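Chemist: Just dropping this structure here.
Read-outs throughout are calculated quantities, based only on the coordinates presented, and are distinct from any laboratory measurement. Computed from a prediction, not measured in an experiment: that's the story for all the values here. Here Cβ is always computed from backbone atoms with ideal geometry, including for glycine, and neighbour counts include all displayed protein chains.
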Amino acid sequence: MPMRPLLVVSLILGLTPPSGAQSGDPALLLDQLRETTATSRDQAVRSLARLGNRVVPRLAQAFASSDSRVREGVAMTLGVIGPRLVRRGVELLMRGLGDRSIDVRWASAEALGKVGARLAVGRLARALHDPEVEVRKEVARSLGRLQKHAAPAIGALLRALRDASSEVRWEAAEALGAVGAPAIQPLVTTLSGPQETTRHLAAWALCQMGPRAAPAVAPLAHALQDSGREVRQTAARALGEVGSRAAAAVSGLAQMLGDSSWQARETAARALGKIGPRAAPAVSALSRSLMDVQSEVVAAAAWALGRVGPRAATFATALERALHHENHDVRRQAAEALGRLQVSSAVPSLIAALDERNWEVREAVATALGNIGAVLQLVRSLGTTNPLVREGVAEALSLVSPPPLAPLRLALQQPRWEVRQGAVWALGRMGSRARAALPDLLERFKDPRAEVRTELPWAVEQVAPEAPEVVLALARALTDTSPRVRVAACRTLADVGLEAAPAIPALQRALKDSSKRVRREAELALAQIRTEVSERPE
């Protein structure tokens, strides 16, 4: 082959020849597909694909190459071109499914899925008999990408559920689920077949359809009594994915809460929760599951009770007991359920449960109390000497809607400092929703207890960070008798940034504070404010 002029000139001048990716020359790019370096070949593929369908004739010629790396690269390029690929390119990929190289067959199968080649469904279906597992897997995956357009391949995919490779079987099940409605009846037939493995995979395929599998509710409910644990469990999961339209299966799922397999019991409970209020007839069975020996089942039952509606509130006592369960997930789910059901009688138990070391449980309890909205009980509980409980109550009050500003403003006047501090926390967590209480918070800078005053800089900045009166109050707090208050004021002024510029003189005076910590924080605040001032647009 004669040497190309560009290459000759490069060699004469001692220059490095440009790569195909740099030049955009299809011939150079196709040569680059021969390279053994994956990075270089990938660059060539992407560059060729950018040329679009006009490069397909050159790719067709290259597809006849004796080098399998070139043929593989051509298939990959056609896939990257994507759904806009012309018919000739699709036909090349269909031919590639019969290539002697496994890499070319695999790349062709993947590319056909990427381009959404409907006309290749029949050829892909035949490729499910490829001798190589990796190719069969990719073929099934590509059929799944075609979704409902892969309906003509349903028979082949059902046969693939019996493939020798478990990976191929699962890909085939996923593909059947993606096909959707056309596959429901064939899957229902398979669901009652003789092989447990294929029954399990059929249930899984239906599970992937979600609410679209509603026509299969009756056979799925029947499968809850299957001899195979995985079949029962997957059928229950599929019914849960169907949602409220699976109400006819509630009785079967309730019975399954007594299954010998704890995984099946857990799945049944979660399925009932996903069915929602239409699963109300199962609340008694779910409440009994709160006594299950397996914590996963108890947590699932509590979760479900919170989602089946008001009838579950009659079993609130059982949920309250679950707040003391040894498993933290059970405690969290019980708290969430009580909150969703708005069980006001559970408020004392929930407040007591705020004395919890696990932050997820504590957050769930606070959220539940906020949902219930027992404001007066919560405000009274701010007087506890337990800081964990007090902080949790403040969090709960901040979540109440509409914001309980009136009782919290009164709480700021209470004689017990713990109540006042808790009210400050709650108002700060409300942010701008507590704007009307800003004057009350500013007045608390005169509070006799440093424990209360220390929390005020953070709280007022959360409520109204740009208010001039907030900056003024923070500047005054730099002379507070407590070093902790002065440190908090410095840090908050730094957070306020540009708007805190009027406080610069007070911060400069704080550089001479008797406390080394205050001096350091004042220095940092000044640096932050000055930086923001200097960066302000003119």
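Chemist: Tell me what the chain gives for mean residue ellipticity at 222 nm when only DSSP H runs of n ≥ 4 count, each as -39,500 (n - 2.57), the sum divided by the residue total, rounded to 500 deg cm²/dmol.
Modeler: -19500 deg cm²/dmol
Chemist: As an exercise, use a Förster radius of 22 Å and the Cβ-Cβ distance of A406 and S344 to find the FRET efficiency, rounded to the nearest 0.05.
Modeler: Numbers: r = 20 Å, r/R0 = 0.89.
Using R0 = 22 Å, I get an efficiency of 0.65.
Chemist: With +1 on each Lys and Arg Cβ and -1 on each Asp and Glu Cβ, how big is the dipole of the range 180-308 about its Cα centre, in debye rounded to the nearest 20? Write out the running numbers ahead of the final one.
Modeler: Values: 12 positive and 8 negative charges, 70 e Å.
The dipole magnitude comes to about 340 debye.
Chemist: How do the peptides 273-281, 50-58 rank, highest first, by the average count of neighbouring beta carbon atoms within 10 Å per residue?
Modeler: 273-281, 50-58
Chemist: For the chain, with the dipole built from +1 on Lys and Arg beta-carbon atoms and -1 on Asp and Glu ones, taken about the Cα centre, which of P131, W170, G276 lies farthest toward the positive end?
Modeler: P131
Chemist: Follow-up. Based on the mean of other beta carbon atoms within 10 Å per residue, what is the order of 190-199, 71-80, 284-293, most packed first?
Modeler: Descending packing order for the listed peptides: 71-80, 284-293, 190-199.
Chemist: Normalised by the number of residues in the range 155-259, what is the relative contact order in percent for Cα pairs under 8 Å and 6+ residues apart?
Modeler: The normalised contact order for the range 155-259 reaches 22 percent.
Chemist: Dipole of the chain, Cα-centred, from +1 at each Lys and Arg C-beta and -1 at each Asp and Glu C-beta, to the nearest 20 debye?
Modeler: 920
Chemist: Determine the gain in length on full extension of the stretch K512-A218; use 0.36 nm per residue of separation and subtract their C-alpha separation, reporting nm with one decimal.
Modeler: 97.9 nm
Chemist: Can you pull the one-decimal nm distance between simple spin-label points at R87 and R58, each 7 Å off the Cα toward Cβ?
Modeler: 2.5
Chemist: Pop the C-beta distance of R245 and E167 into the FRET formula with R0 = 30 Å and round what comes out to the nearest 0.05.
Modeler: 0.40
Chemist: How far apart, in nm, are two points set 7 Å out from the Cα along the Cα-to-Cβ line at S432 and at D495?
Modeler: About 1.7 nm separates the two model spin labels.
Chemist: Starting from the Cα-Cα distance between N386 and R476, subtract it from 0.36 nm times their residue separation and give me the gain in nm to one decimal.
Modeler: Details: separation 90, 0.36 × 90 = 32.40 nm, distance 3.08 nm.
Computed gain between N386 and R476 is 29.3 nm.
Chemist: Sorted by average packing, counted as other Cβ atoms within 10 angstrom per residue and highest first, what order do 298-308, 462-472, 335-345 take?
Modeler: 298-308, 335-345, 462-472
Chemist: Say R0 is 45 Å: what FRET efficiency, to the nearest 0.05, do S40 and E196 get from their beta-carbon distance?
Modeler: Efficiency, rounded to the nearest 0.05: 0.40.
Chemist: Once you have the Cα-Cα distance between Q147 and E532, take 0.36 nm times their residue separation minus that, and quote the gain in nm to one decimal.
Modeler: Contour length minus the Cα-Cα distance gives 133.1 nm.
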